[in-house]
Structure formats: structure tokens, C-alpha cells
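Presented below is the structure to which this report refers.
The values are calculated or read from the model by the stated rules, or taken from the named source; none is laboratory data. Every value quoted in this text rests on a predicted model; they were computed, and no experiment measured them. Positions of Cβ are generated from backbone atoms using ideal geometry, with glycine treated the same way; all protein chains shown enter the neighbour counts. Side chains included, ligands, DNA and RNA excluded: accessible areas come from the protein's heavy atoms. Shrake-Rupley method; radii C 1.70, N 1.55, O 1.52, S 1.80 Å.
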Amino acid sequence: MKKSGILFWAARLIAAIIMVQTLYFKFTASEESVFIFSTIGMEPWGRIGVGVLELISTILILIPATVWAGSLLALGLMVGALGMHLTLLGIVVKGDGGQLFIYALIVALCAAYSFWHSKDQLPTFISRLLPSFFKKSN
């Protein structure tokens, strides 16, 4: 396997592992998750909805034919999470030392790389809507 193929799989696995690990806290209504989603005014429906979307993203990012979709969904979710940290929550939440912020940043970077690496899989109707640097390689 090429070096880029190993990095591609590693990025997908890292993103999936982090998202799956945080699902437990969202779905069990952990104190920290309830605090976060209450602070942003989305408790409980936002916590559960985001958890479901992260689960879908995790599944899609691990299936070779749907990496582009899972990566794009994960990237969107993490941009939202990072935005909430930078505007409403702060980087440190309930004394976590910024751990959740760092996890969101890592997932965002891994998802962006995975999306970029899988851009040749994009359906034509989607790639037509994107800038030229996302077009399929020949």
C-alpha cells in the first residue's frame, strides 16, 4: 500500500474513533454533553441529533464508496463544533483543558484530508457545484 493510502486510512480511522467515542457521552446524556448543548440552546434535541449525524458520518467515512459523504458530513459537524467553542462555549469546557476542542480540530483535519483524497468519488452533479480544484482528476 502506498504511503498516501496508509495516511488516507489512518485519517478515516482517527476521525471515526473520536466520533464513536464521543457518541457514548451524547447518547447517555453525560453532564458535560448536557451542559454544552444547554449552553448553546440545543438540549436535548441538538445533542441527540448531532449524535445521530456523527454516527451516520462514522459509518459513511469507513465505507470506501461513501468516504466523500462521510468526510463532508464530519467536516460540517466539526466546523459547527469549533464555531460553538470559539463563540459560545470557550475552548476549555468544564475544566477539560480544551480536550473537546482539540478532538473537534483533529476530526475536522482528518475529515478534510479524507474528503480531498476521495474527491474523485464525488458524483458528477455534486462536483459541478464545486470550485475547479475539487474536480475529478483525469
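Numbers at a glance
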{"read-out": "Residue match in region 110-118 (condition: under 19 Å from Gly41 (Cα atoms) and in contact with a Phe, Trp or Tyr (Cβ under 9 Å, 6 or more places away or on another chain))", "value": "no"}
{"read-out": "Region 86-127, residues that are among the β-branched types (Val, Ile, Thr) and over 17 Å from the mean Cα position of the chain (by Cα)", "value": "Thr87, Ile91, Val92, Val93, Thr124, Ile126"}
{"read-out": "Residue within region 119-135 that is closer than 16 Å to Leu23 by Cα, among the aromatic types (Phe, Trp, Tyr) and in a helix (DSSP H, G or I) present", "value": "no"}
{"read-out": "Hits in region 97-115 (condition: open to solvent by 30 Å² or more (accessible area, probe 1.4 Å) and on the phi > 0 side of the Ramachandran plot)", "value": "Gly97"}
{"read-out": "Residue in region 124-138 that is touching a Gly at 6+ places or on another chain (Cβ under 6 Å) and not charged (D, E, K, R) present", "value": "no"}
{"read-out": "The lone exception for Ser118 - which of (1) of a type in the set (Gly, Ala, Ser); (2) buried (at least 19 other Cβ atoms within 10 Å of the Cβ); (3) modelled with pLDDT of 95 or more; (4) closer than 20 Å to Ile6 by Cβ it fails", "value": "(3)"}
{"read-out": "Residue in region 80-96 that is surrounded by the fewest Cβ atoms within 10 Å (Cβ to Cβ), counting only those that are assigned to a loop (DSSP other than H, G, I, E, B) and among the hydrophobic types (A, V, I, L, M, F, W, C)", "value": "Val92"}
{"read-out": "Test set (1) touching a residue at least 12 places away in the same chain (Cβ under 8 Å); (2) of a type outside the set (S, T, N, Q); (3) not in a helix (DSSP H, G or I) - Ile56 fails condition number", "value": "(3)"}
